[in-house]
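To start, the structure itself, in structure tokens.
The values are calculated or read from the model by the stated rules, or taken from the named source; none is laboratory data. Owing to the predicted nature of the structure, the values given are computational and were not obtained by experimental measurement. Cβ atoms come from the backbone with ideal geometry, glycine included; neighbour counts cover every protein chain shown. Only protein heavy atoms, including side chains, enter the accessible area calculation; ligands, DNA and RNA are left aside. Shrake-Rupley method; radii C 1.70, N 1.55, O 1.52, S 1.80 Å.
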Amino acid sequence: MNAVRVFKDINVFHSGFHTRCILLMPLFFLYSFIGVGQVNKRLELNAGLLVSAERDPGFSPLLFAGTGISGYAAYSRETEAKSNLVDVFYARSSLNNRFGSGMDVHSAGIMVFHFFHDGKEPGKGLHWGWSNNNEFSLRNNESVNNFNNRFDYVTSFGPAARFRHPFTLFGRSFSIQAIAHMQLLGFVMQSSYVSQAPKGYEVETVGGLDIFRRSVEWFYPGRAWNIGVWPRLQYQLETGNLLSLGYQYGYSRLDGAHRLTKSRGNWYLGIQAGL
Amino acid sequence: MNRKKLYKVVLAHVIMLGSALPFLSCEKHLLAPDPPADPGNVFEYLWEDVYKRYALFEVKDIDWVAVGNTFRTKVHPGMDDQALFSVLSDMLYELRDGHVNLTSSFDRSRNWEWFQGHLPNYNQSIIENRYLGTSFRITGPLLNQVIDSVLYVNYRSFGDEITQSHLDQLMLRAEGLKGVIIDIRHNGGGSLQNANRLAACFADRTYVYAHDRIKTGPGPDDFSHWRPLSVAPRQGMRFGGPVVVLVNRRSYSASSFFAQMMRVMPHAVLIGDQTGGGGGIPVFGELPNGWKYRFSSTQTLTPEGNHIETGVPVDIRRNMQSIEELHGIDSILETALDWLR
């Protein structure tokens with residue numbers, strides 16, 4: 001019995017279950033930031049160059065690839081026991097297929113990481129935790145007049161791991177860090193088979209929340225994938241601030257009315273300051 | 001740093017870089033390659049997408065499987081682009097739909113049966129010389145002139161945007177007149193938003209003028225529910241008197257929708273020839289070889305249960321009379337003026 005069957009058997013697909021789950025999400029965030037003891041808070045600002053490739057068969061079977069820009073603001077909070085990272089981002093890219101057709105993509109979202117130190121040093125070694133990705137993406141195909149601006153929105157949760165290793169080179173402090181995450185369970189809302197509107201607008205509803213409920217689909221392995229690897233090198237300034245050179249790779253696939261696939265890499269430079 | 005510790009540091013760096021290297025600057029290569037662009041695959045891609053997303057097979061009684069079987073035999077490896085384009089164009093022609101086009105760098109296929117073979121019923125020179133004259137106003141895309149206490153409005157394309165300020169000026173000019181004539185003959189359509197804005201100037205209440213549904217899946221019966229399409233009264237000045245809409249076979253797409261919006265209003269009449277249709281909103285696609293295409297993916301029904309795709313009928317059927325046309329008279333416009341007098 002596969003995962004789909006299990007979910008159907010417990011009849012959550014056509015109930016208000018996922019609506020209630022979405023409404024409960026803010027509590028997860030609140031829980032993540034409750035902590036005691038010595039607290040290390042930091043704010044980070046990044047700007048980057050995005051290298052992206054996407055395929056939305058709702059527009060074209062062809063791959064659209066190109067570059068863009070990105071901006072990130074991250075807030076991190078570390079205690080002896082755990083660390084949290086909230087990453088708010090926006091990215092815009094102009095993509096072309098091999099015949100020159102263009103597509104503009106805008107993405108924005110919030111990514112949350114929560115790592116448990118499990119008795120280890122916070123600044124060193126491997127830490128396990130979980131992640132939450134909330135991302136909205138809008139695609140504008142320049143050669144399409146109707147049903148343009150196809151979109152997808154994902155809220156998902158999954159395990160995450162962080163590896164940190166500080167080292168000294170020529171008497172200066174550096175550290176390398178890599179975060180990896182894999183989204184396993186969540187919710188998706190996206191453009192439907194022909195229309196750019198989600199499914200809820202294509203069935204008879206009582207409006208409002210009912211449209212929303214009927215537009216939301218489950219995110220689970222096999223139907224949707226989202227993984228990311230974020231390595232970076234940091235250099236500590238004399239002031240205690242950190243300069244970062246990093247790369248964030250993300251792959252996602254959503255099997256809805258069409259199979260949407262995205263592969264994005266983001267090279268960035270950033271500065272991190274203590275609060 | 002002892003040797004064991006050094007090994008650990010080196011190992012950590014190798015793992016770090018190793019985890020990142022597969023992804024660095026090869027974002028494009030981690031997704032599936034583009035589908036092959038050979039003639040056979042291009043043909044099958046187009047045939048299948050039309051099969052799954054075209055909305056009017058049943059309305060037009062078209063057996064797309066049979067059409068595919070007929071044209072598939074004409075496709076062979078190594079055929080040049082012109083020959084392939086010709087086969088695909090001929091196949092799409094079978095849909096008998098003005099909203100169906102295949103566009104390559106060298107040609108654009110089309111089916112213009114919806115107006116070809118019918119009387120033109122419109123002569124732009126006569127409109128300019130006899131009715132608009134030299135003192136007409138150009139209010140945005142709306143050419144307008146007062147003729148015998150009737151406001152005549154000539155609108156060439158629903159693709160040309162009408163703003164609220166254009167409509168304010170138009171309503172101001174129509175105030176106190178006996179009636180308004182909206183001439184959308186030879187108007188090939190454009191934006192439904194413009195059609196709604198213009199029709200809202202004459203709506204005294206909200207009218208449901210049609211219902212539409214859209215393809216929601218690949219199956220022949222995969223459609224959304226029927227959704228009401230309505231036109232609501234405009235905020236601001238409106239005209240409550242009689243309105244005549246002039247249409248012909250070249251009034252297509254958004255023009256057909258506008259004609260249907262006006263047709264449900266009791267104080268409006270349609271004069272001329274039925275519209276050309278175009279009741280399906282086109283969805284766009286791209287073939288593996290980069291050629292673009294579009295076809296209808298919605299159905300639109302009037303309250304009487306007729307598909308707008310087959311054209312909106314008129315209340316008063318009238319053709320341009322050749323002899324009158326020779327004398328510079330527009331018979332259809334004269335009928336409208338008579339009706340309003």
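Scan segment A:150-168 and tell me whether some residue there is in a loop (DSSP other than H, G, I, E, B) and more than 11 Å from every other protein chain (Cβ to nearest Cβ).
To start, the set of residues in segment A:150-168 that are in a loop (DSSP other than H, G, I, E, B) comprises none.
No, segment A:150-168 has no match at all.
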### Summary
Conditions (1) within 14 Å of chain A (Cβ to nearest Cβ); (2) under 30 Å from B:M320 (Cβ atoms) -> B:P220 fails only (2)
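If I filter segment B:260-281 for residues that are within 14 Å of another protein chain (Cβ to nearest Cβ) and open to solvent by 10 Å² or more (accessible area, probe 1.4 Å), do I get at least one hit? Walk me through how you get there before you give the answer.
Quick first cut of segment B:260-281, residues within 14 Å of another protein chain (Cβ to nearest Cβ) only: B:278-281.
Still in the list and also open to solvent by 10 Å² or more (accessible area, probe 1.4 Å): B:281.
The answer is yes, given that some residue of segment B:260-281 is within 14 Å of another protein chain (Cβ to nearest Cβ) and open to solvent by 10 Å² or more (accessible area, probe 1.4 Å).
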### Complete set of residues in segment B:82-137 that are open to solvent by 50 Å² or more (accessible area, probe 1.4 Å) and among the charged types (D, E, K, R)
B:D90, B:E94, B:R96, B:D107, B:R108, B:R110, B:E113, B:E128, B:R130, B:R137
### Message
Exactly one of these conditions fails for A:T19: (1) within 14 Å of another protein chain (Cβ to nearest Cβ); (2) at pLDDT below 85; (3) in contact with a helix residue (DSSP H, G or I) (Cβ under 6 Å, 6 or more places away or on another chain). Give me its number.
### Response
(1)
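Here's the yes/no breakdown for (1) within 14 Å of chain B (Cβ to nearest Cβ); (2) over 17 Å from A:F136 (Cα atoms); (3) touching a Gly at 6+ places or on another chain (Cβ under 9 Å):
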residue: A:Y75; (1), (2), (3): no, yes, no
residue: A:E78; (1), (2), (3): no, yes, yes
residue: A:A81; (1), (2), (3): no, yes, yes
residue: A:V86; (1), (2), (3): no, no, no
residue: A:F89; (1), (2), (3): no, no, yes
residue: A:S94; (1), (2), (3): no, no, yes
residue: A:N97; (1), (2), (3): yes, yes, yes
residue: A:S101; (1), (2), (3): yes, yes, yes
residue: A:V105; (1), (2), (3): yes, no, yes
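Answer yes or no: is there a residue in segment B:200-215 that is over 21 Å from the mean Cα position of the chain (by Cα) and not in a loop (DSSP other than H, G, I, E, B). Talk me through it step by step, then tell me what you get.
Here is the first cut: in segment B:200-215, the ones over 21 Å from the mean Cα position of the chain (by Cα) are B:201-207.
From what is left, the residues that are not in a loop (DSSP other than H, G, I, E, B) are B:207.
Checked against the condition, which is being over 21 Å from the mean Cα position of the chain (by Cα) and not in a loop (DSSP other than H, G, I, E, B), segment B:200-215 yields at least one hit.
Of the residues that make up segment A:102-109, is at least one open to solvent by 20 Å² or more (accessible area, probe 1.4 Å) and part of a loop (DSSP other than H, G, I, E, B)? Steps first, answer last, please.
Residues of segment A:102-109 that are open to solvent by 20 Å² or more (accessible area, probe 1.4 Å), as a first pass: A:104, A:106, A:108.
Of the ones still in play, those that are also part of a loop (DSSP other than H, G, I, E, B) are none.
Checking segment A:102-109: not a single residue is open to solvent by 20 Å² or more (accessible area, probe 1.4 Å) and part of a loop (DSSP other than H, G, I, E, B).
The rows are residues; the columns are (1) without any contact (Cβ under 8 Å) to a residue 24 or more places away in the chain; (2) touching a Gly at 6+ places or on another chain (Cβ under 6 Å).
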| position | (1), (2) |
| --- | --- |
| B:L46 | no, no |
| B:D63 | yes, no |
| B:D90 | yes, no |
| B:Y93 | yes, no |
| B:H99 | no, yes |
| B:S104 | no, no |
| B:R110 | yes, no |
## Note on the structure
Checked pairs for segment B:159-179, first more than 15 Å from B:R137 (Cβ to Cβ) and open to solvent by 50 Å² or more (accessible area, probe 1.4 Å), second aliphatic (A, V, I, L, M) and at pLDDT 95 or above, C-beta under 6 Å and 6 or more apart or across chains, list as B:K178/B:V150; B:K178/B:L340
